[in-house]
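Undergrad: Here's a structure for you.
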Amino acid sequence: MEVADIFRQHGEAFRLTHGATLLPEQRRVLRAIEECRTAALGGHVEECDSCGHQVISYNSCRNRHCPKCQPLASAQWVDARRADLLPVDYFHVVFTVPEELAPLALQNKRVVYDILFASASTTLLKIAADPQHLGGEIGFLAVLHTWGQNLLHHPHLHCVVPGGGLSPDGKQWVACRPGFFLPVTVLSRLFRRLFLDGLQRARERGALCFHSSLAHLADQRAFADLGACARRKEWIVYAKPPFGGPSQVLDYLGRYSHRVALSNDRLVKMEDGQVTFGWKDYRRDYRPRTMTLVAEEFIRRYLLHVLPTGFQRIRQYGLLANRKRAVKLAVCRRLLGVAEGVVELKARPTDEQAEYEAESGESLARCPLCRTGRLQRVEVIAPVRVAGGRGSMPLGCLRLDSS
């Protein structure tokens, strides 16, 4: 079972119920996942040159919110990051938007998520540059996640940070203390101040919208009260233990860099209009559990995490900023006594078939029936849409155009 199966079976009912509140990008994601690898997107026919067996393959939607279309993009991105790794400890720091402000973020995704990136990055760079803490220029990448294990809205930023940085004169590598990066209390309080200041500036320039249950925040005093309430709380900045090495960093990035909401392998069953999926209860020692939701509620929660069109959810800062990464990393490697990246680069296949063959050693070009012949493309399937523009047509209705 896949997310696409749930969308195809219950998507139309969801549109009838929630269509008035769906954003254009949410509509596009819903449709893309429904049509992914179906006749609606077209495809091609391959035929075995030995036994004549035919295999029909449909095209992918390639939407970044589709759980089926992200593994290759993730693998390619991770390989591009291999050259940036240094032979030092890496730390994992998480910045979380407090519960009181999460609804505001949901109604103003682009503005508030940008504030989250700016506040967290400035916090890390400023505290690390302070001689009382590290006293160096650091570099890190940040990945936005907007979900918890139960698929509810929970915006937070994962930052992967090398355990050290360049001295102000650029002539020394300044290493952090073993097993300790920066004090989370100091990080938390600066992050809180920067984030709330950013929200206030956004309101002053009219960049925030307040709808439905948040309509009262259009009043300046109500908005100020919300900020004061959030300022009284201790915000959560979590610094996890350091990674075991570069291989663990890559493993983390491969799992989380391109993930959206949940992967297909967490789905358990769909029956009687309900969807059951696995999750980990963080409040009870990460205990594995299952959750059952009405299908329409499952779709609603999934679509909460659709990002604004063109929004960049992976960003790099400091030493890893694009404009100076090559020069700064070369200096770091020289000071650390390494000539090249610590992880050997390898060629990454450029399509899903080559990717599968590289990882499994099994050729997708081999005929699955006779196991001796090779599949060759013989026809192209034009995209076919049913009345209303959704779903796939039965195989017998496909129009095949010779390639």
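Undergrad: From (1) within 24 Å of the chain's Cα centre (by Cα); (2) part of a helix (DSSP H, G or I); (3) under 19 Å from ILE115 (Cα atoms), pick out the condition that doesn't hold for TYR238.
TA: For TYR238, the failing item is (2).
Undergrad: All but one of (1) touching a residue at least 12 places away in the same chain (Cβ under 8 Å); (2) of a type in the set (A, V, I, L, M, F, W, C); (3) farther than 30 Å from LEU226 by Cα; (4) surrounded by fewer than 17 Cβ atoms within 10 Å (Cβ to Cβ) hold for LEU16; state the number of the condition that does not hold.
TA: Condition (1) is where LEU16 drops out.
Undergrad: Now for a different question. Is it true that some residue in the range 212-223 is of a type outside the set (Asp, Glu), surrounded by fewer than 21 Cβ atoms within 10 Å (Cβ to Cβ) and within 30 Å of TYR286 (Cα to Cα)?
TA: No, the conditions are met nowhere in the range 212-223.
Undergrad: Here's a follow-up. In the range 275-291, what residues are without any contact (Cβ under 8 Å) to a residue 24 or more places away in the chain and surrounded by fewer than 14 Cβ atoms within 10 Å (Cβ to Cβ)?
TA: ARG283, ARG284, ASP285, TYR286, ARG287, PRO288, ARG289, THR290
Undergrad: Have a look at PHE140, PHE117 and point out the one that is of a type outside the set (Gly, Ala, Ser) and in a strand (DSSP E or B).
TA: PHE140
Undergrad: Against the condition among the charged types (D, E, K, R), touching a strand residue (DSSP E or B) at 6+ places or on another chain (Cβ under 7 Å), closer than 23 Å to VAL380 by Cβ and not in a loop (DSSP other than H, G, I, E, B), how does GLU34 come out, does it pass?
TA: In short, no.
Undergrad: Would you confirm, using the coordinates I've provided, whether ARG300 is assigned to a helix (DSSP H, G or I), basic (Lys, Arg) and under 24 Å from HIS10 (Cα atoms)?
TA: Yes, satisfied.
Undergrad: Quickly run through the range 88-132 and pick out the residues that are within 30 Å of GLY337 (Cα to Cα) and either in contact with a Pro (Cβ under 7 Å, 6 or more places away or on another chain) or among the basic types (Lys, Arg) (or both).
TA: Correct list: VAL88, ASP89, TYR90, PHE91, LYS126.
Undergrad: So which of ALA228, ALA215, ALA222 ends up being assigned to a helix (DSSP H, G or I), without any contact (Cβ under 8 Å) to a residue 24 or more places away in the chain and either touching a helix residue (DSSP H, G or I) at 6+ places or on another chain (Cβ under 7 Å) or not assigned by TED's automatic domain parsing to the domain that holds GLY139 (or both)?
TA: Just one listed residue meets the conditions, ALA222.
Undergrad: Which pairs turn up if I take residues in the range 312-329 that are assigned by TED's automatic domain parsing to the domain that holds ILE138 and closer than 16 Å to LEU144 by Cβ and look for partners that are β-branched (Val, Ile, Thr) and assigned to a strand (DSSP E or B) with beta carbon separation below 8 Å, at least 6 apart in sequence or on another chain?
TA: From the range 312-329, the pairs are ARG313/VAL143; ILE314/VAL143.
Undergrad: Still on this structure, I have one more. Which condition number in (1) surrounded by fewer than 18 Cβ atoms within 10 Å (Cβ to Cβ); (2) touching a residue at least 40 places away in the same chain (Cβ under 8 Å) is the one that PHE191 fails?
TA: Of everything listed in (1) surrounded by fewer than 18 Cβ atoms within 10 Å (Cβ to Cβ); (2) touching a residue at least 40 places away in the same chain (Cβ under 8 Å), PHE191 misses just condition (1).
Undergrad: Can you pull out every residue in the range 131-148 that is within 14 Å of the chain's Cα centre (by Cα) and surrounded by 18 or more Cβ atoms within 10 Å (Cβ to Cβ)?
TA: The answer is LEU141, ALA142, VAL143, LEU144, HIS145, THR146, TRP147.
Undergrad: Determine which member of the set LEU106, LEU101, LEU41 is surrounded by fewer than 19 Cβ atoms within 10 Å (Cβ to Cβ), of a type outside the set (Lys, Arg) and modelled with pLDDT of 90 or more.
TA: None of the others qualify; the one that does is LEU106.
Undergrad: Any residue at all in the range 152-161 that is within 27 Å of the chain's Cα centre (by Cα), assigned to a loop (DSSP other than H, G, I, E, B) and in contact (Cβ under 8 Å) with a residue 40 or more places away in the chain?
TA: yes
Undergrad: Please work out which one of (1) in a helix (DSSP H, G or I); (2) touching a residue at least 24 places away in the same chain (Cβ under 8 Å); (3) surrounded by fewer than 20 Cβ atoms within 10 Å (Cβ to Cβ) is the condition PRO178 fails and give its number.
TA: Condition not satisfied by PRO178: (1).
Undergrad: I would also like to ask the following. Looking for whichever is assigned to a loop (DSSP other than H, G, I, E, B) and crowded, with 19+ Cβ neighbours inside 10 Å here; the options are PRO87, PRO67. Which one fits?
TA: PRO67
Undergrad: GLY389 fails exactly one of the following numbered conditions: (1) under 30 Å from ARG15 (Cβ atoms); (2) modelled with pLDDT of 65 or more. What is the number of that condition?
TA: So GLY389 meets the others, but not (2).
Undergrad: With the requirement that a residue be out of contact with any helix residue (DSSP H, G or I) (no Cβ under 9 Å at 6 or more places or on another chain) and crowded, with 19+ Cβ neighbours inside 10 Å, what does the range 47-64 give you?
TA: CYS48 - this is the single residue of the range 47-64 that is out of contact with any helix residue (DSSP H, G or I) (no Cβ under 9 Å at 6 or more places or on another chain) and crowded, with 19+ Cβ neighbours inside 10 Å.
Undergrad: Can you tell me which condition MET1 does not meet? The list is (1) surrounded by fewer than 17 Cβ atoms within 10 Å (Cβ to Cβ); (2) aliphatic (A, V, I, L, M); (3) at pLDDT 95 or above, and all the others hold.
TA: The failed condition is (3).
The values are calculated or read from the model by the stated rules, or taken from the named source; none is laboratory data. Given the structure is predicted, the values throughout are model-derived calculations rather than measurements. Neighbour counts are summed over all protein chains in view; Cβ atoms, including those assigned to glycine, are modelled from backbone coordinates with ideal geometry.
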